[in-house]
Amino acid sequence: MKTSNRIRHFFHVVSNVRPIIWIGSYIALMPVFALIYWALPDSQFRIPDGAGTDFGSWLYYSIVTITTLGFGDYTPAHGWAQAVTAVEVMCGLTILGFFLNAVGSMKSEIDVTSEIEKQRQLHSAAERDKLVKMRPLLLKRLNTFIYHCDNNSSQSQLTRSAFNISIALDSLQTHVDLTEWPELLESCFSLVADCQLFTDEKEIEKTDAEQIAADKDVSFVATAAETARHIQTLLSEIAA
């Protein structure tokens with residue numbers, strides 16, 4: 001089991017290496033092995049008559065070897081040359097295999113990312129459609145609430161309007177995924193919290209501190225009306 005996990009982990013790591021790195025390694029091996037061939041005695045190879053034995057010639061042999069073309073003009077004749085040639089071929093094939101695996105992994109990653117983005121866009125469009133359908137009622141409730149805030153309506157009217165807008169925004173957050181619009185979600189949450197706190201306080205019998213209660217009403221009206229207008233603006237921008 002441990003061996004299997006290690007092999008799985010190894011291939012996972014290898015698959016995450018970018019293809020460009022494998023190609024770079026593949027190309028870098030060519031001059032490395034050319035240097036090794038150049039360092040070996042010429043007697044280790046069968047060299048065509050009149051052919052060169054400089055570094056350029058061995059670089060040519062290295063390229064032909066690692067790409068498995070094998071033209072046959074330069075051939076390994078003895079042990080060391082044969083061993084190094086075999087190692088280069090195996091290195092080339094292994095790196096090509098890792099390269100193809102990395103390309104496949106990258107394609108899968110791109111496909112998954114593309115599918116996730118596609119699903120996100122579909123989800124966003126569906127949530128926007130639901131929001132647009134609910135928008136007329138929301139705007140009506142918001143307009144009524146702002147009207148009562150701006151025109152010093154009676155406490156009962158303001159309380160009723162605050163309750164209604166709280167219910168409407170609660171319904172919006174229940175039926176629409178507002179995480180698509182973080183600013184709208186934050187504003188709705190803030191207004192609902194303020195309205196619920198305001199309406200809950202009105203259900204409590206007033207104490208002798210009438211002025212304190214009145215000051216709190218003024219503060220609520222100013223803050224809530226501003227938040228309601230901001231929600232109207234956001235709804236209009238989303239529906240545009």
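The values are calculated or read from the model by the stated rules, or taken from the named source; none is laboratory data. This one's a predicted model, so the numbers in the text were calculated from it and none came from an experiment. Methodologically, a virtual Cβ is constructed for each residue, glycine included, from the backbone with ideal geometry; neighbour enumeration extends over all protein chains shown.
For the stretch 97-118, the criterion of a residue being under 30 Å from residue 172 (Cβ atoms), among the aliphatic types (A, V, I, L, M) and part of a helix (DSSP H, G or I) is satisfied by at least one position.
Here is a yes/no grid of residues against (1) assigned by TED's automatic domain parsing to the domain that holds residue 175; (2) free of Cβ contacts under 8 Å to residues at least 24 places away in the same chain; (3) within 20 Å of residue 239 (Cα to Cα):
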{"residue": "100", "(1), (2), (3)": "no, yes, no"}
{"residue": "106", "(1), (2), (3)": "no, no, no"}
{"residue": "131", "(1), (2), (3)": "yes, no, yes"}
{"residue": "142", "(1), (2), (3)": "yes, no, yes"}
{"residue": "145", "(1), (2), (3)": "yes, no, no"}
{"residue": "148", "(1), (2), (3)": "yes, yes, no"}
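Before we move on, is residue 59 assigned to a helix (DSSP H, G or I) and more than 30 Å from residue 108 (Cα to Cα)? Against the criterion (assigned to a helix (DSSP H, G or I) and more than 30 Å from residue 108 (Cα to Cα)), residue 59 qualifies. Scanning the stretch 29-76 for residues that are in contact with a strand residue (DSSP E or B) (Cβ under 7 Å, 6 or more places away or on another chain) and surrounded by fewer than 12 Cβ atoms within 10 Å (Cβ to Cβ) gives no hits. Do we have residue 81 as in a helix (DSSP H, G or I), over 30 Å from residue 20 (Cβ atoms), in contact with a strand residue (DSSP E or B) (Cβ under 8 Å, 6 or more places away or on another chain) and modelled with pLDDT of 90 or more here? Judged against the criteria, residue 81 is a match. Scanning the stretch 68-121 for residues that are of a type in the set (Ser, Thr, Tyr) and on the phi > 0 side of the Ramachandran plot yields a single hit, 68. Restricting attention to the stretch 77-86, the residues being surrounded by fewer than 17 Cβ atoms within 10 Å (Cβ to Cβ) and without any contact (Cβ under 8 Å) to a residue 40 or more places away in the chain number 6. Scanning the stretch 132-155 for residues that are modelled with pLDDT under 85 and assigned to a helix (DSSP H, G or I) yields a count of 1.
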